[in-house]
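Down below is the structure, laid out as structure tokens.
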There are 2 protein chains.
Amino acid sequence: MAAPRPYGQRRADALAILTAPAADAWVATASSEGTAYLVPLSIGWTGDSIVLVTLRRSPTARNLAAAPGVRLGLGGTRDVVMVDGEVVTEADLPNAPAPLLDAFAAQSGWDPRQDSNAADYQVFEVRPVQLQAWREANELRGRTLLRDSAWVDDPEP
Amino acid sequence: MAAPRPYGQRRADALAILTAPAADAWVATASSEGTAYLVPLSIGWTGDSIVLVTLRRSPTARNLAAAPGVRLGLGGTRDVVMVDGEVVTEADLPNAPAPLLDAFAAQSGWDPRQDSNAADYQVFEVRPVQLQAWREANELRGRTLLRDSAWVDDPEP
């Protein structure tokens, strides 16, 4: 087992995963009845938020319209970036802020504004409330890199 | 984009992912208040069920104790096996059926019975109710390989 990465390295590695071209997230939401939904979606990272674009009739869009909480897993199952986030902006695609869609299109390689059914999409800006990153069991300690929407202080500056 | 795989190939590929040594799943559950939880966990495949082992105090175990529904994502985000399942057996580790733990240990390489805190673990047998597999957009059609707990008939036998 590799030695646990220091805070700065974990944060740099987590940002590399969030900003990677064609990055996907496993997006977990819940219905108001308490049924979990999960689906992989492309993301865009704006610098402080994650942009998701999905069909308005999809379970993810319906769940997020009813309650803003979402949990996203990125990276591999043994190189995890786990984000608990809250929807801070929601709009149908024609009314979504251009910077969100620009960030999404640049990173994902897919601009939903060019899609023939563009009007069917909903855009969500998700602000991370907590972000954790770990690889193996020895990295569970110190895995919380962002808490209460702010990066934690480096414990070993 | 590759041509869509026929049913038989998708089913074989999905089983290869479910039975791979050290296979992990992204496990999505929901609390009764409608908060989604997500975590990667090792799995064991018994031939018709997925075995999960996790700490009894974890959100996943608490969610599954309250409601049996779970959605699991395996494979890559662009080579997805998505399982909607129901817990059919739940037991604390000392009382869990040996065949479940044998399947789990053989596949994961980790036998929780050998763990110093074995008594803290809970074991779940998850029976797939629906299983879908897809790679790209052209595989969304025909992605449901198992429905109502039974493999669907090959549409092109």
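The values are calculated or read from the model by the stated rules, or taken from the named source; none is laboratory data. No experiment lies behind these values; they were computed from the predicted model shown. Quick reminder, even Gly has a Cβ in these numbers, built from the backbone with ideal geometry, and neighbours come from all protein chains shown. Surface areas here come from the heavy atoms of the whole protein model, side chains and all, with no ligands, DNA or RNA. Shrake-Rupley method; radii C 1.70, N 1.55, O 1.52, S 1.80 Å.
One residue alone among B:Ser58, B:Ser32 is at pLDDT below 95 and polar (S, T, N, Q), and that residue is B:Ser32. State yes or no: is A:Thr54 open to solvent by 20 Å² or more (accessible area, probe 1.4 Å) and not in a helix (DSSP H, G or I)? Judged against the criteria, A:Thr54 is not a match. Checked across the range B:57-72, the condition of being in contact with a helix residue (DSSP H, G or I) (Cβ under 8 Å, 6 or more places away or on another chain) and either among the hydroxyl-bearing types (Ser, Thr, Tyr) or under 19 Å from B:Glu125 (Cα atoms) (or both) holds for at least one residue. For the range A:16-46, a tally of residues being open to solvent by 40 Å² or more (accessible area, probe 1.4 Å) and free of Cβ contacts under 8 Å to residues at least 12 places away in the same chain returns 3. What residue, among those in the range A:22-40 that are touching a Phe, Trp or Tyr at 6+ places or on another chain (Cβ under 8 Å) and within 7 Å of chain B (Cβ to nearest Cβ), is nearest to B:Leu38 (Cα to Cα)? If we take residues in the range A:22-40 being touching a Phe, Trp or Tyr at 6+ places or on another chain (Cβ under 8 Å) and within 7 Å of chain B (Cβ to nearest Cβ), then A:Ala28 is nearest to B:Leu38 (Cα to Cα). Of everything in the range A:57-86, what is surrounded by fewer than 18 Cβ atoms within 10 Å (Cβ to Cβ) and under 25 Å from A:Thr144 (Cα atoms)? Give them in sequence order. Within the range A:57-86, A:Ala67, A:Pro68, A:Gly76, A:Arg78, A:Asp79, A:Glu86 qualify. Scanning the range A:128-149 for residues that are part of a strand (DSSP E or B) and under 12 Å from A:Gly85 (Cα atoms) turns up A:Pro128, A:Val129, A:Gln130, A:Leu131, A:Gln132, A:Leu146, A:Arg147. Of the residues making up the range A:110-136, those that are open to solvent by 70 Å² or more (accessible area, probe 1.4 Å) and in contact (Cβ under 8 Å) with a residue 24 or more places away in the chain number 4. Scan the range A:79-116 for residues that are under 25 Å from B:Trp26 (Cβ atoms) and not in a helix (DSSP H, G or I) and the total you get is 13.
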